[in-house]
Amino acid sequence: MKRLKAFWLAIPEQLRHLFVPLLVIVAGYFLIRAILIPSDFGLLGHYRASSIKVNMEKGMNYAGAGACTDCHDQEIQTKKNGYHRGVACETCHGPSLAHAENPEKTKPAVTRTRVLCLLCHEYLPTRPTGFPQVISDSHNPTKPCIACHRPHDPKPPQPLKRCAACHQKVQRVLSVSIHANLDCTTCHETPNEHFIKPGEFPPKRMQSRQTCLNCHDKALRSTEAPGIDAATHGEKYLCWQCHYPHMPEAR
């Protein structure tokens, strides 16, 4: 006992103060391990060995993609050559074992809402450039996705011809503006690739005043648009830096 006491006193005081919390941590570790960690954890890998039996006893709900090929050759071939080739059938149609076992009695689910598609295609800035994305609030908000897109081969029915398909909020403002009759390409230089991959090929804003001055220079008497003196009005600023082009406040 004396030797143990002498050993304890020989330890620096700072280390002796750490001994109690260290003892609590070690004891807590073994206590938690004994209470919370199952006894069969780690016997067959980094999980409970008994979980294999538990999962085997659960009922099966999914048939697997292989079961679909027996009856749906055309859809499988279409999907194989399309952008959704890596998406399993039951990702969209739900568990389909009951359908595979009795096709006449049980039908697979067909999504009529936009929720499922938006899990992958709602706009997120972290998604790769060029990945098809939409802003659901402005992209045909009243229509289900399958009204325009074939899920097994989800290409747009045709290259977008009108900007309103994606920019409905802007279009609604523009429709009540004095600029309502102007085509978007009057002011925006828009490459054709923008309608296929809008994220990679954005339209360009005007970098000069000339487009606006074609209508608003008071020296031009051929238009009824409000005129300004190009030499003194705005000076070095571009027009859109002061005026919102979709709803210009000048009258």
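The values are calculated or read from the model by the stated rules, or taken from the named source; none is laboratory data. Because the structure is a prediction, the values reported are computed rather than measured. Cβ sites come from the backbone with ideal geometry, for glycine too, and all protein chains shown count toward neighbours. Protein only, heavy atoms only, side chains kept; ligands, DNA and RNA dropped before computing areas. Shrake-Rupley method; radii C 1.70, N 1.55, O 1.52, S 1.80 Å.
Note on PHE30: accessible area approximately 120 square angstrom, rounded to 10, probe 1.4 Å, nucleic acids and ligands left out. Under the convention that each Lys and Arg Cβ holds +1 and each Asp and Glu Cβ holds -1, the size of the dipole of the chain around its Cα centre is about 840 debye.
Between ARG172 and LEU119, 0.36 nm times their residue separation minus their Cα-Cα distance comes to what? Write down the numbers at each step before the final one.
Details: separation 53, 0.36 × 53 = 19.08 nm, distance 2.67 nm.
Stretched out fully, the ARG172 to LEU119 stretch lengthens by 16.4 nm.
Give the ranking of MET247, MET1, MET60 by solvent-accessible surface, highest area first, calculated with a 1.4 Å probe. Before the final figure, lay out each step's value.
Details: MET247 65, MET1 185, MET60 145 Å².
Highest to lowest solvent-accessible surface, that is MET1, MET60, MET247.
Each label was represented as a point 7 Å from its Cα along the Cα-to-Cβ direction; for ALA147 and THR106 these points are 3.2 nm apart. Summing Lys, Arg as +1 and Asp, Glu as -1, what charge do residues with Cβ under 13 Å from the Cβ of GLU235 carry, GLU235 excluded? Cβ neighbours under 13 Å give a net charge of +1.
Between LEU97 and ARG85, the simple label model (points 7 Å from Cα in the Cβ direction) yields a spacing of 3.0 nm. Approximating the spin labels as points 7 Å out from Cα along Cα→Cβ, the ARG3-to-ASP137 distance works out to 7.8 nm. For ASP217, the accessible area of its heavy atoms, probed at 1.4 Å with every protein chain present, is near 40 square angstrom. Among the DSSP helices (H) of the chain, those spanning at least 24 angstrom by Cα along their long axis with an average Kyte-Doolittle hydropathy of -1.0 or more are 13-36; this is a geometric and hydropathy rule only. Heavy-atom accessible surface of the stretch 105-204, averaged per residue, reaches 73 Å², computed with a 1.4 Å probe.
Helix-only mean residue ellipticity at 222 nm, the chain, DSSP H runs n ≥ 4 weighted -39,500 (n - 2.57), per residue, nearest 500. What is it? Can you show the working numbers first?
Details: 10 runs with 83 residues, N = 251.
Counting only the DSSP helices, I get -9000 deg cm²/dmol.
Here is the P(r) of the stretch 1-151: all C-alpha pair distances, binned every 5 Å from 0, give 2, 7, 9, 10, 10, 9, 8, 8, 7, 6, 5, 4, 4, 4, 4, 3, 1, 0 in whole percents. Of the solvent-accessible surface of the stretch 25-120, computed with a 1.4 Å probe and all protein chains present, 62% belongs to carbon and sulfur.
Let me check against my output: what whole-number percent is the relative contact order of the stretch 80-192, with C-alpha pairs under 8 Å and at least 6 apart? Show your work: numbers first, answer last.
Details: 74 pairs, mean separation 25.8, N = 113.
Averaging sequence separation for qualifying contacts and normalising by length gives 23 percent for the stretch 80-192.
Legend: calculated FRET efficiency, ARG33 to ASN55, from the Cβ-Cβ distance at R0 = 35 Å, rounded to 0.05, equals 0.90.
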